[in-house]
Amino acid sequence: MNHLLKATAERAWRYLDGLDDRSVAPSADAIATLRRLDEPLPEGPTDPQAVVALLDEVGSPATVATAGSRYFGFVVGGALPATVAANWLATAWDQNAGVAALSPIAAKLEEVAMRWLLDVLRLPAPCGVGFVTCATQANFAGLAAARHALLARQGWDVEKLGVFGAPPITVVVGEEVHVSVLRALMTLGLGRDRNIRAPVDGQGRIRADSLPPLDDTTIVCIQAGNVNTGAFDPADEIVPRAKTAGAWVHVDGAFGLWAGAAPSHAHLIRGFDGADSWATDAHKWLNVPYDSGIVVVREPQHLRAAFSITAPYLVRGEQREPEDYTPEFSRRARGVEVWAALRSLGREGLAHLIERTCRHAARFAQGLRAAGYDVLNDVVINQVLVSFGDAATTRRVITAIQEEGTCWAGASVWQGRTAMRISVSSWATTDQDVERSLEAMIRVAAQVVRGGGRD
């Protein structure tokens with residue numbers, strides 16, 4: 001085991017050390033080589049070192065370099081050094097973090113990380129927190145708490161009786177609602193298409209003056225950070241109106257909620273602290289390894305009621321039981337990495353990470369606009385949308401940039417216009433990475449637009 005882990009650590013280090021010199025996307029040859037893995041299940045054991053060697057030699061070249069400094073597709077962070085190391089150690093511990101008796105260390109680190117998270121995200125200290133897989137699960141958990149609370153008001157025990165025959169719940173979302181919220185609603189039996197869609201403005205923000213009537217059977221879902229533009233719904237207008245009506249407000253803040261950790265951007269989350277539940281990711285802007293989502297609920301009893309169940313064999317103490325706050329019983333100790341990220345960065349380091357990546361996004365927008373291309377959004381945080389002309393030309397430019405390999409950004413469609421979306425989320429991205437990537441984008445785009453070289 002000692003030799004195996006040391007050899008594997010060397011392989012991991014060589015992989016990370018080589019990211020700067022390779023194409024961000026894997027080559028066609030590397031992808032084709034994956035066919036070596038299509039083999040019958042071996043009849044007998046294989047030396048673990050041979051297993052890891054095959055995984056590295058075939059798998060490493062076929063990865064997308066999301067751990068590197070020039071990946072700007074989707075909203076994908078890298079993994080901070082402390083979180084990679086903590087992940088390795090936690091894997092060696094092999095802890096089941098569902099029950100405190102199974103892992104006192106995992107339970108303690110969740111408690112500490114929970115306090116720190118509520119502090120840096122500017123959310124109320126008494127909130128309940130669950131460590132889940134992703135923002136989709138965090139949205140699911142927060143909305144499950146909302147479903148419980150609204151139906152309990154009407155005398156309906158949804159955990160016992162289910163949704164069959166339950167009093168109706170009205171769900172209000174914006175026209176630019178993220179699909180993870182719709183998936184959560186679908187899974188909860190509230191329906192993907194039964195919601196009321198509120199109109200939005202040109203940045204995707206809900207127009208507070210166009211909200212439908214609200215009451216105490218309503219869930220209002222608002223966004224902290226639109227996945228395309230980075231825009232924030234006007235929580236300071238929506239939340240007071242919803243609370244006056246007795247409605248539950250849920251915040252999809254998968255990455256945007258982290259703006260609250262940076263003093264220069266904290267104004268963007270003004271009013272969001274008045275909501276009832278929040279969903280965010282740690283594997284985006286906090287830069288921890290996958291998979292790591294976080295659900296926060298103002299009144300912890302609603303989150304516990306949505307998920308807490310026990311059995312005679314489960315040992316329960318007086319302390320916080322992690323499984324009461326998530327859909328899972330058994331799960332990995334992902335709170336270890338969240339703790340490691342916050343402990344290694346500190347308040348100032350986290351603020352600098354947010355501010356630095358926002359500055360990088362602004363530089364991308366400035367450079368692309370100066371080159372004559374159309375930036376479609378107000379760059380308020382780390383998201384940039386750029387059009388290179390008509391839809392077909394823009395798609396060709398995006399493909400050519402991806403194939404050129406210096407950097408990687410993805411395609412999106414924003415209010416009818418095809419665009420390249422640049423999301424700057426990684427701790428590893430430097431000013432030099434931005435300038436190198438910007439030069440490649442502008443050069444490749446010019447070639448495509450002129451009809452030369454890359455089309």
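The values are calculated or read from the model by the stated rules, or taken from the named source; none is laboratory data. On a predicted model such as this, the values are computed, not experimentally measured, just so you know. Neighbour counts are summed over all protein chains in view; Cβ atoms, including those assigned to glycine, are modelled from backbone coordinates with ideal geometry.
If the condition is being assigned to a loop (DSSP other than H, G, I, E, B) and of a type outside the set (V, I, T), then the range 395-418 contributes G405, C407, A409, Q415, G416. If you filter the range 132-171 down to residues that are basic (K, R) and closer than 17 Å to D276 by Cα, you find that the one that is surrounded by the most Cβ atoms within 10 Å (Cβ to Cβ) is R147. For the range 68-106, the set of residues classified as among the aliphatic types (A, V, I, L, M) and either assigned to a helix (DSSP H, G or I) or surrounded by fewer than 19 Cβ atoms within 10 Å (Cβ to Cβ) (or both) consists of A82, V84, A85, A86, L89, A90, A92, A100, A101, L102, I105, A106, listed by residue number. Filtering F307, F329 for residues that are touching an Asp or Glu at 6+ places or on another chain (Cβ under 8 Å), over 30 Å from L16 (Cα atoms) and surrounded by fewer than 18 Cβ atoms within 10 Å (Cβ to Cβ) leaves a single hit, F329. When G130, G155, G142 are screened for being at pLDDT 95 or above and on the phi > 0 side of the Ramachandran plot, only G155 passes.
Being within 16 Å of A113 (Cβ to Cβ) and charged (D, E, K, R) is a description that does not apply to R304. Of all residues in the range 40-64, those that are outside any helix (DSSP H, G or I), over 33 Å from the mean Cα position of the chain (by Cα) and not charged (D, E, K, R) total 6. Residue pairs whose Cβ atoms lie under 7 Å apart, separated by 6 or more positions or on different chains, with the first residue in the range 295-322 and closer than 22 Å to G162 by Cβ and assigned by TED's automatic domain parsing to the domain that holds T136 and the second part of a helix (DSSP H, G or I) and of a type in the set (S, T, Y), are L303/Y325; R304/Y325; F307/Y325.
Scanning the range 198-257 for residues that are outside any loop (DSSP other than H, G, I, E, B), among the acidic types (D, E) and surrounded by 17 or more Cβ atoms within 10 Å (Cβ to Cβ) gives a single hit, D252. Can you confirm whether S426 is surrounded by 19 or more Cβ atoms within 10 Å (Cβ to Cβ), in contact with a Gly (Cβ under 9 Å, 6 or more places away or on another chain) and not assigned by TED's automatic domain parsing to the domain that holds A25? It is true that S426 is surrounded by 19 or more Cβ atoms within 10 Å (Cβ to Cβ), in contact with a Gly (Cβ under 9 Å, 6 or more places away or on another chain) and not assigned by TED's automatic domain parsing to the domain that holds A25. When we screen L143, L185, L150 for residues that are part of a helix (DSSP H, G or I) and over 26 Å from the mean Cα position of the chain (by Cα), the only hit is L150.
Of the numbered criteria (1) at pLDDT 95 or above; (2) under 20 Å from A100 (Cβ atoms), the one D281 fails is (2). With respect to (1) more than 30 Å from D17 (Cα to Cα); (2) in contact (Cβ under 8 Å) with a residue 12 or more places away in the chain, the lone exception for G73 is condition (1).
Residues are listed down the side, and each one gets a yes or a no for (1) farther than 15 Å from R298 by Cβ; (2) aromatic (F, W, Y); (3) assigned to a helix (DSSP H, G or I); (4) touching an Asp or Glu at 6+ places or on another chain (Cβ under 9 Å):
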| residue | (1), (2), (3), (4) |
| --- | --- |
| M114 | no, no, yes, no |
| F131 | yes, yes, no, yes |
| K160 | yes, no, yes, no |
| V172 | yes, no, no, no |
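Residue pairs whose Cβ atoms lie under 6 Å apart, sitting 6 or more positions apart in sequence or on different chains, and linking a residue in the range 185-206 that is at positive phi and modelled with pLDDT of 95 or more to a partner that is surrounded by 19 or more Cβ atoms within 10 Å (Cβ to Cβ) and part of a loop (DSSP other than H, G, I, E, B), are G204/E176; G204/N226; G204/T229; G204/A231.
Scanning the range 419-451 for residues that are of a type in the set (S, T, N, Q), within 28 Å of E355 (Cβ to Cβ) and in a helix (DSSP H, G or I) yields a total of 2.
When A411, A440 are checked against the criterion of being out of contact with any Asp or Glu (no Cβ under 7 Å at 6 or more places or on another chain) and not assigned by TED's automatic domain parsing to the domain that holds R22, a single residue qualifies: A411.
Quick grid of which residues meet (1) under 17 Å from L123 (Cα atoms); (2) crowded, with 20+ Cβ neighbours inside 10 Å:
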| residue | (1), (2) |
| --- | --- |
| D273 | yes, no |
| A279 | yes, yes |
| Y290 | no, no |
| V296 | yes, yes |
